[in-house]
1. Hey, how many Å between the Cα centroid of the stretch A:366-418 and the Cα centroid of the stretch B:318-360?
2. Under the convention of a label 7 Å out along Cα→Cβ, give the distances in nm from A:GLY226 to the same position in every other copy, shortest first.
3. Compute log10 of I(q)/I(0) for the stretch A:480-548 with the Debye formula, placing one identical point scatterer on every Cα and leaving out solvent, at q = 0.20 Å⁻¹, to two decimals.
4. Two decimals, Cα atoms only, Kirkwood Rh: what is Rg/Rh over the stretch B:4-175?
5. Chain A: percent of C-alpha pairs farther apart than 46 Å?
6. In Å, what Rg and Dmax follow from the Cα atoms of the stretch B:278-374?
7. Using the Karplus equation 6.51 cos²θ - 1.76 cosθ + 1.60 (θ = phi - 60°), what ³J(HN,Hα) coupling, rounded to whole Hz, does each residue of the stretch B:292-303 give in order, writing x for Gly and Pro?
8. What list do you get for B:GLU174, A:GLU269 if you sort them by fewest beta carbons within 10 Å?
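Throughout, read-outs are computed from the coordinates displayed, never taken from laboratory work. Model, not experiment: these values are computed from the prediction. Ideal geometry is used to build each Cβ from the backbone, glycine not excepted, and the neighbour counts take in all protein chains shown.
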Number of protein chains: 2
Amino acid sequence: MKKFTIVEHLYKHIREVGVKTIFGVPGDFSLAMLDILESSNALRWIGCATELGAAYCADGYARANGLGVVLTTFGVGELSAATAIAGSTAEDVGVLHIVATPPTNALNVGSPLHHSFADGDLQRFQRVAQEIHNKTFTVTENNPLKTIKEAIHYWRTKASTTYIMLPQDIAVKESDNDFLPTPPLYEHISPNASKLISEFINKYPNAIAILGNVAQRRGVRELTPGLAEKNIPVAVLPNAKGIVNETDSNYIGIYNGKLSSPSLKNRAEGPSGRVLIGCTLADTTTGGLSHIFSSKNTLIIDAHTVSWNSRFENAPIKQAFIHWLSCSTPFAEEHATHHKESERFSKIDPQAALTQKSMWTILTQKMPEHVRIFAETGSPHYGALDSIFANDTVFECASIWSAIGYALPASLGASLSESTRRVVSVIGDGAAQMTANEFGLVDRYGANPVILILDNDGYTVERIIRGEKAAYNDVAQWQWRQLPATLGAKSARTTVCINSASFAESLSEAFKDESRAHVIIVPLDKYDATPSLLTMGKFLRAKAKLPSLEQSLSEG
Amino acid sequence: MKKFTIVEHLYKHIREVGVKTIFGVPGDFSLAMLDILESSNALRWIGCATELGAAYCADGYARANGLGVVLTTFGVGELSAATAIAGSTAEDVGVLHIVATPPTNALNVGSPLHHSFADGDLQRFQRVAQEIHNKTFTVTENNPLKTIKEAIHYWRTKASTTYIMLPQDIAVKESDNDFLPTPPLYEHISPNASKLISEFINKYPNAIAILGNVAQRRGVRELTPGLAEKNIPVAVLPNAKGIVNETDSNYIGIYNGKLSSPSLKNRAEGPSGRVLIGCTLADTTTGGLSHIFSSKNTLIIDAHTVSWNSRFENAPIKQAFIHWLSCSTPFAEEHATHHKESERFSKIDPQAALTQKSMWTILTQKMPEHVRIFAETGSPHYGALDSIFANDTVFECASIWSAIGYALPASLGASLSESTRRVVSVIGDGAAQMTANEFGLVDRYGANPVILILDNDGYTVERIIRGEKAAYNDVAQWQWRQLPATLGAKSARTTVCINSASFAESLSEAFKDESRAHVIIVPLDKYDATPSLLTMGKFLRAKAKLPSLEQSLSEG
Ligand SMILES: Cc1ncc(C[n+]2csc(CCOP(=O)(O)OP(=O)(O)O)c2C)c(N)n1
Ligand SMILES: Cc1ncc(C[n+]2csc(CCOP(=O)(O)OP(=O)(O)O)c2C)c(N)n1
């Protein structure tokens, strides 16, 4: 019988839980593992320009696919991925991070190796890892297969960031053991948790549903048609936009604390109560923590727990949602529908220069159903919130972690997943300058997203808040038109759109032609933004006792 | 009397210890501090594309200037700088890392803010910082000026990585206190330490000197002419190459454990003893930890300590060096001189395609005295080691930390320092793909290094070790000629050199014209490397029981 190396067992588990691709950058401690990867044919290796980009790709892949994997080398590689990994943790994305380390004996004696501080401490990066991953595992000579199985089981069950430290000597060792299948997923809700849900419904039969990012991430989206059937009013946090169709009559809009419409705020915070489903309540998802939810009439369904007065574990969010929905009685009344289908189709002057508003209007009109759209932190995020999407649009953002540089590699990674959804991403120029390095995935591996780069002369979102004319909000002048081809995306179709007509045409072409990536450069004014960003700016300027943006600009 | 804000006190200290520039990327928590920076005129802000690049710039600046500063925003910004900061720690470079954080009350109550995991833990990134900086400081409402002064004093005295966490509300508060000058540097060696040095010399009057990176970093270089005067034989670790003139008759070569020449190895490890001056003994500086130094006859002078049997603190390396040198008696005998002046001037066929060897030969011939040359981890590092530099060439590398992506931004940062040395850097294509984002510093701030990019189709250094034909050692195909202009270095002179003549001409032009940056692309064969890398490859392949490179390539 063929014997497998330890790392092959790891690869087999990864394949078994539905992941076909590993992103990463090699290093001397990982080369032997990569040789085994190449010859095993179980998984595809996608080599990125940077570890940061690789980890963001894995995040994008995981959003499209459920789980994703990034492999880096000890110290230099793993730290380079830190911002992305922390983002996956904050945003609840199931990324497995495999780190190839020096051999066991070097670790044990603390050899002064390169990629360390040569001070004998080779555990330092593992301690860093503990701070930014949900859980870390260290494979040692003591039953390595057991540790690997536990790690995979944790990663898959929790669908959270998981770190595996794998010494290079152990990885390449042959094991006498047969490959044992990954343990099955346990997906049942505990009786206590179900009971709590039923009790809440009895007491608050008219509670509305508020859905957040964790619901989005954990497969609740496919269950939301049930909400429409029962006519249950649904609001979403900004980062769960699109989890229900926005023109459905039970959709009542984006809840964002005091930045919501007054009627929505009243309804969401009112005495009939609410069920928070997978909602991470951060400043960016609650209008600066301005939400007022009485604990008395709030049922909280989280990734693995249900709480209302008491708190119960063993309640996977999908099962809790199903139970809650099945117990809920249909609503009779009509809701103040948030969006009319016709709103999406407001007219645009084709020759006018593009604005943030017209850009988003055209994009949402041209964008077919079933796309996955990444909106980068900055003006794109707010533009997306102010738009109405076609049915079954998956909206991806990182509104809690809010690191710029995310959307470009994440959308490349998503487009390289098995999902057939077309991938779109909208990215500011400042953000694009952080991770444009990964454009090479287009020619090398056939990544085919539609990427919009908003060329608006620097950090607009910051100008709206402070320093509207400050040099610190400027960025270098890149030649965007040449960028994709220069960085390894020769096959991409790159266009620069100066008016609505050319933009609409580029988009039509992009959505028609799935054979390649499309990069659309959109020049915009540096102070242009959509209403929700302007409102936020007003609010923050007032708080900081700064003059308003208009006043500051008119002061010359 | 004018009152200063807390952050102005910080800026004044920074200016006082000789730093004129802060590198960074803004974020909402730092905008108010940056407004104060802009209006205070004490320091120049240099905005980078990425925090990683900014921290590398600060490292390059610090190498040229003694100390350097990077400013990032909470969470997303600071983690993005982690690889660079860890590198500064490992390589002993005095970078101050200022992190702008949420306001005090948010930190105290653990508000679920963006740029955190919204889990109430806002101390997480400080714990990460503790792992990768030499020391961390947290400014609080409790005597913020005292903490700042302590931090600056630590940073300056230790010249090590130092982290200051500065809440945005405290930063902008006015202080009633006058600005008090930064405490003076205490630069004296303790009597115990001097005595130990004298005793060692008495016992081992013929000990040779071996200099390493810490000596390079801490101003020992300016004292090394004293070694030549006394004809004291000097070897250097790979990362201190060039700290003495390589054609001086007392220079006996690069000591690198068993990768050194046998005669040098014997001399360095022999019974007459050695003084290790600022030597970090890592695998990459000792031929894979193959050095054999008996503790009996080895005096160790480190950054702040002296040891031989006993160990004494309070011995700053420069003072210890001065004392040791003054006690040493001149050597009478002639040493086996490592390099003849004539060796540098071997002839090159001008029409031949460039090779690693001819490229380095031409470079070292064209490179004037007094440059600062960064050689990136990868084939460039080994090429530099195999070359003979002109007098007073400062060699910069990161052979312990060995993260690729370092040299490009570091050389940009060094060229933006007050040092008048011309800056050169030699970078592999894989490394350049990691941090090319920072080319914008050329047009925006006038950075003017001479940058050589070795376009050799991927990760050559790894191919030499393993996976010579593996896809994981390939990289994306970038259009190098267009790269600088596309990424904001339009003013740079970019040339592609296919033979010796054109390369020599580009270099002549580059060294004549200091008004701008020069980028020289050098296409090289993907298996080409200089002798020391090939030797290392042989050694590692044998250890891993792999066939030799030649054999693997001929197997088709
Ligand atoms: C890694 C990282 N560094 C810094 C920030 C702070 N930051 C938030 S938004 C922003 C500017 C975004 O500008 P851009 O991408 O051009 O979008 P715009 O709003 O101009 O359309 C910055 C620098 C961040 N979020 N992440
Ligand atoms: C941040 C980081 N990731 C990965 C590595 C592992 N690594 C060491 S050298 C190298 C390849 C360098 O290739 P290149 O820069 O093209 O130089 P070459 O040897 O080809 O001239 C890699 C990927 C590293 N040192 N640092």
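1. Centre-to-centre distance over Cα atoms comes out at 57 Å.
2. 8.0
3. -0.83
4. 0.93
5. 16 percent
6. Rg then Dmax for the stretch B:278-374, in Å: 19.8, 59.
7. For the stretch B:292-303, the Karplus curve yields 10, 10, 5, 5, 4, 10, 10, 9, 10, 9, 10, 3 Hz.
8. Going from sparsest to densest Cβ surroundings: B:GLU174, A:GLU269.
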